[in-house]
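Participant: After the structure tokens below, expect a handful of questions from me.
The values are calculated or read from the model by the stated rules, or taken from the named source; none is laboratory data. Worth saying up front: this structure is predicted, and the values here are computed from it rather than measured. Positions of Cβ are backbone-derived with ideal geometry, glycine not excepted, and every protein chain shown enters the neighbour counts. The accessibility values were calculated without ligands, DNA or RNA, using every heavy atom of the protein model including side chains. Shrake-Rupley method; radii C 1.70, N 1.55, O 1.52, S 1.80 Å.
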Amino acid sequence: MASRNPVHASSSLAKMAVGKVLIIDAQNHLLGRLAAVVAKSILQGQKIVVVRCEGLNISGSFYRNKLKYLEFLRKRTNTKPSRGPFHLRAPSRIFWRTVRGMLPHKTTRGAQALERLKVFEGIPPPYDKQKRQVVPSALRVIRLMPNRRFCNLGRLSHEVGWKYKEVVETLEAKRQARAKIYWQNKKKTMKLRTQAMQNLSKKLEPLNQQIEEAGHYIA
């Protein structure tokens, strides 16, 4: 299991090759700022997968944001509520709806852009074994002043009707346990490889000299 790597995605993600899937770890990112970066990128043709949406942050106190969401829950069509608006509770769907609001989703271009986005709670396979990236311009520790209040999207979703907080936490704990075992085994393998290279360095020295004399570079 690949652990979260602090690989930085560019602020616009425009330099990423179109066709390759970019996996973003949403943990400790600000909801609106990350949504703006993702919206622009999928409009430019980039395919994006956002994982760990329950770890997103929203600026402002939890009490204030919960009141705002409860007010949103009261909005409906009086004559037929099933016509909308639809009140999404899951963190991934809240993020998806935020991105949708930044796209011309009623046009063909916007609808196709929205299809390039996938969102998940936790890190389901196969993304748990792939390299994940962060977006520095959307990280809370960079964009939000230290004395400002913020709240967790997973907690907010849980208190307004999302029923799978405990399930996601259990699956994440299992994934992290598997990742820890994988990393420990990898460190042992790397240590053995380094030791083997040191043991054979004297034997390989004349051969390496011959290769360098032939004009080849040895990494």
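Participant: Output the residue which, of all residues in region 48-96 that are without any contact (Cβ under 8 Å) to a residue 60 or more places away in the chain and polar (S, T, N, Q), is least open to solvent (accessible area, probe 1.4 Å).
Facilitator: Only one residue tops the list, namely S92.
Participant: Could you say which residue among A138, A173, A196 is of a type in the set (A, V, I, L, M, F, W, C), farther than 26 Å from K40 by Cα and at pLDDT 95 or above?
Facilitator: A173
Participant: Having 3 or more residues that are under 24 Å from L22 (Cβ atoms) and open to solvent by 60 Å² or more (accessible area, probe 1.4 Å) is the bar; report the helices (runs of 4 or more DSSP H) wholly within region 118-219 that clear it.
Facilitator: Passing ranges, in order: 140-143, 165-213.
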